[in-house]
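The values are calculated or read from the model by the stated rules, or taken from the named source; none is laboratory data. Here the structure is a predicted model, which means the values were calculated and not measured. We work out accessible area using only protein heavy atoms, side chains counted, and drop any ligands, DNA or RNA first. Shrake-Rupley method; radii C 1.70, N 1.55, O 1.52, S 1.80 Å.
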Amino acid sequence: MQERFETFTVLINRISRNIRKIKNQEMAEYDLRSTHISCLYYLYKEAQLTSTDLCERCEEDKATISRALEYLEAKGYVTSAAQNTKRYKSPLILTEQGCEVAKKIAYKIDGILEVIGTDLTEAERIAFYRSLYLTHHINAQQNRGYTDTAQSEISQITHLSFPPPSSQSC
């Protein structure tokens, strides 16, 4: 059991480091960081999102997303769809320049996922993502106070399906 834990934590940490490294290296030409890339990617996939939506999708706190959005607005990648609402409630959209960069980001992400997934069957991919989901779900429940209801929810999970990609906004 100890060896499984060590292997799991080492591999998760390596994956996380590699993702950040890929994001930072691939987008250095645009002077973008990991959080900027996530924001642009999700706005590209969803057409428009609020900063609250981005906090949830990127799993970042409000301050981090706020700083990222300020930077992206200053660079001309993102703009507010509605000028009369509070910033965190205002839908954000990509500018034409933001669409161009986000399209390149999505292309690079899709290419990396294709390479990574080449040696996996669909069943293995689903099992992998299901394991990650369960790990996240268990951790989230423990942080909120683990309950019998949460255990029941996890026990009832029999499969994890992936919706088709949404249409791009650009």
Provide a single number: the residues in the range 25-61 that are under 15 Å from the mean Cα position of the chain (by Cα) and over 14 Å from Ser90 (Cα atoms). 19
How about the range 1-48: which of its residues are modelled with pLDDT of 90 or more and among the aromatic types (Phe, Trp, Tyr)? Tyr41, Tyr42, Tyr44
Residue among Gln141, Gln97, Gln83 that is modelled with pLDDT under 95 and either under 23 Å from Asn18 (Cα atoms) or open to solvent by 30 Å² or more (accessible area, probe 1.4 Å) (or both): Gln83
